[in-house]
Amino acid sequence: MFEGTYRAEASDFLVTEDLGFEPDGSGPHIWALIRKVGISSEEACSRLGQATKTPRKDLGYAGKKDTHAISIQWVSLPDSARIDVGPIDSCLEVLRLSRNQRKLKIGQLAGNHFQLRLYGVVTGNLSERLKAIGSVGVPNYFGLQRFGRSGSNLGKARRLARRDPSGSQRLHPRDGMAASAARSAGFNAVVAERLDNDRWLDVAVGDVVSLAGRGSHFLASEADISSIRSRIMAGELDTTAPMAGRISKTSSEQNTFETATLKTDRELFDWMTGIFRDEDRRAVRVLPKQLEAGVTENTLDLSFWLPKGSFATAVLNELGTLRELYARTAS
């Protein structure tokens, strides 16, 4: 176990995007590999658009990266953009240019590789803890950044829910992050309840399971339940929890358990199930890959790969008692 702090400086948190493929090298779209420091992906695109005299709507990226970090990711631009390798400003640099047949879209990535430096002391058998994380995985919680600075996204969701308790009004695009935060909070609550009931990786006939590290999922059949349980223990499959919606995709038994948990926050539950017709499913667990660690007197250097949609803080939560210095300063 480890006790200490993380994200003291942007350089302590390096995120490198893994698309899972290389750009074609030819085509009408320019793809730029950028390095951003201490700014969001949206701000990086805004600055890149200004520097290349390109409308922001014409730029694309695969996923948002941490703001208070050093992040390396791909951004696509139209053929009309005038761009070269080199610095844009003190926070943004173009590392490499290529081309592709299509614009880069949200979700078009395999995952991200993280290199983190933590400051503190080892308080228990850290090597055994890391071994367990690498073999069993960690709860796939949404990180605090999903909920906005000081929970602002979730606060906005509650204000929207109070104005429209049944979720009957059409959701405005600008309110999408608030709705996502509400669903994410519900997911986290269900995962926590599964853990509290020692049902983290339990699966029954009719439950929805997903292929590990991928979005595809299916119902557990009676004929395959034994094989599915074995594959969950082997890390090939994962149990799932809901991103709330009116129409459930899982068994009535699993849905009853999940709905009871979601209804403990009745305000958000009624709003979410009005806004969203169909629920989505998300893996309860995530298995870090390429997990490596190095310990000195007062630092822990940690590196690992996670599939898209998973948060590095989910891994840090399982290491011990850690405080995010930037979050405390910024809140």
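Summary of computed values
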| read-out | value |
| --- | --- |
| Scope the stretch 203-240; condition assigned to a strand (DSSP E or B), of a type in the set (D, E, K, R) and surrounded by fewer than 18 Cβ atoms within 10 Å (Cβ to Cβ); matching residues | none |
| Those residues of the stretch 95-107 which are farther than 24 Å from S303 by Cα, within 25 Å of the chain's Cα centre (by Cα) and among the hydrophobic types (A, V, I, L, M, F, W, C), in sequence order | L104, I106 |
| Residue identified as of a type outside the set (D, E, K, R), buried (at least 19 other Cβ atoms within 10 Å of the Cβ) and more than 29 Å from L144 (Cα to Cα) among T52, T67 | T52 |
| Residue satisfying all of: in the stretch 271-299; hydrophobic (A, V, I, L, M, F, W, C) and assigned to a loop (DSSP other than H, G, I, E, B); surrounded by the most Cβ atoms within 10 Å (Cβ to Cβ) among these | V284 |
| Single unsatisfied condition, M1 versus (1) surrounded by fewer than 20 Cβ atoms within 10 Å (Cβ to Cβ); (2) in contact with a strand residue (DSSP E or B) (Cβ under 6 Å, 6 or more places away or on another chain); (3) at pLDDT 95 or above | (3) |
| Conditions (1) at pLDDT 95 or above; (2) in the same structural domain as T321 (by TED's automatic domain parsing): number failed by G124 | (1) |
| Some residue of the stretch 88-95 being out of contact with any helix residue (DSSP H, G or I) (no Cβ under 6 Å at 6 or more places or on another chain), loosely packed, with under 15 Cβ neighbours inside 10 Å and in a strand (DSSP E or B) | yes |
| Residue match in the stretch 302-309 (condition: among the hydrophobic types (A, V, I, L, M, F, W, C) and surrounded by fewer than 19 Cβ atoms within 10 Å (Cβ to Cβ)) | yes |
| Residue count for the stretch 96-140, restricted to those that are more than 17 Å from K64 (Cα to Cα) and touching a helix residue (DSSP H, G or I) at 6+ places or on another chain (Cβ under 7 Å) | 6 |
| Residue list for the stretch 43-76, filter: of a type in the set (D, E) and either modelled with pLDDT of 95 or more or assigned by TED's automatic domain parsing to the domain that holds P307 (or both) | E43, D58 |
| Extreme residue, nearest to the chain's Cα centre (by Cα), among residues of the stretch 108-152 that are in a helix (DSSP H, G or I) and among the polar types (S, T, N, Q) | Q145 |
| L48 part of a helix (DSSP H, G or I) and in contact with a Ser or Thr (Cβ under 9 Å, 6 or more places away or on another chain) | yes |
| Subset of the stretch 300-328 [closer than 27 Å to L219 by Cα, outside any strand (DSSP E or B) and not aliphatic (A, V, I, L, M)] | K308, G309, S310, F311 |
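The values are calculated or read from the model by the stated rules, or taken from the named source; none is laboratory data. Here the structure is a predicted model, which means the values were calculated and not measured. Glycine also receives a Cβ, built like all others from the backbone with ideal geometry; neighbour counts cover every protein chain displayed.
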